[in-house]
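Please read the structure below before turning to the comments.
The values are calculated or read from the model by the stated rules, or taken from the named source; none is laboratory data. This is a predicted model, so every value here is computed, not measured. Cβ sites come from the backbone with ideal geometry, for glycine too, and all protein chains shown count toward neighbours. When the accessible area is computed, the model is the full protein with side chains, heavy atoms only, and any ligands, DNA or RNA have been set aside. Shrake-Rupley method; radii C 1.70, N 1.55, O 1.52, S 1.80 Å.
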Amino acid sequence: GLNSNKSQTEKFATKAWLTKSVQLNSEEDRALMGTHYHTALEKLDFCAPYNKNTNFEDVDYEKIKKAHSAISGIVKNAVKIKKEAEFMLYNELVESEIEDKVLVQGVVDLIIEEEDGFIIVDYKFSSLPIHILKQKYAEQLALYKLAVEKAFKKPVKQTLIYSINSGELF
């Protein structure tokens, strides 16, 4: 099921270590930079005008502002917005002769609930072309869709990827 026990405030408080300044000097540090971008996006209020509410030295806030603009356009019909929704489910998509089910867990970046269903948005900090991102993360988005539909008994109308680097929502 999807974790609904923690408030957004509690989740952000647990990530206080992310606000520390870092000097990026290797490829491994790109992962930390991606985490900073995700955190900046988590803290945005997509229903209000853009407001810079984090201060990471390694984040280009023009990219965050562009993300706010793109995502604000799809939340206009939202009944509810859920960020960083943790889930666990037994994966029924894996075909196997083994009787044990496979436990899958993850975190959905953004779930937008509308009257007739959900829209899922996953943020990617990658320089890969869009068609590669779509292929690479198709199974991940399918699992997110399955988890949301099972948890809320309402269809997922759309799964989208937001490319932080290109500024595209697809």
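Here are the numbers for the structure shown:
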read-out	value
Residue match in the range 112-134 (condition: surrounded by 18 or more Cβ atoms within 10 Å (Cβ to Cβ) and in a helix (DSSP H, G or I))	yes
Among (1) modelled with pLDDT of 95 or more; (2) open to solvent by 50 Å² or more (accessible area, probe 1.4 Å), the one test that Val108 misses	(2)
Condition broken by Glu62, with the remaining ones in (1) in a helix (DSSP H, G or I); (2) open to solvent by less than 70 Å² (accessible area, probe 1.4 Å); (3) at pLDDT 60 or above satisfied	(2)
Scope the range 107-132; condition touching an Asp or Glu at 6+ places or on another chain (Cβ under 9 Å) and within 16 Å of Ser72 (Cβ to Cβ); matching residues	Asp109, Leu110, Ile119, Val121, Tyr123
Gly167 vs. criteria open to solvent by less than 80 Å² (accessible area, probe 1.4 Å) and at pLDDT below 95	no
Hits in the range 138-159 - residues which are outside any helix (DSSP H, G or I) and surrounded by fewer than 18 Cβ atoms within 10 Å (Cβ to Cβ)	Lys153, Lys154, Pro155, Lys157, Gln158
Scan of the range 65-90 for residues that are open to solvent by 50 Å² or more (accessible area, probe 1.4 Å) and within 14 Å of Gly167 (Cα to Cα), ordered by number	Lys65, Lys66, Ser69
Odd one out for Asp45 among (1) open to solvent by 40 Å² or more (accessible area, probe 1.4 Å); (2) farther than 23 Å from Asn165 by Cα	(2)
Checking Lys101 against (1) out of contact with any Gly (no Cβ under 9 Å at 6 or more places or on another chain); (2) at pLDDT 90 or above, the condition it does not meet	(2)
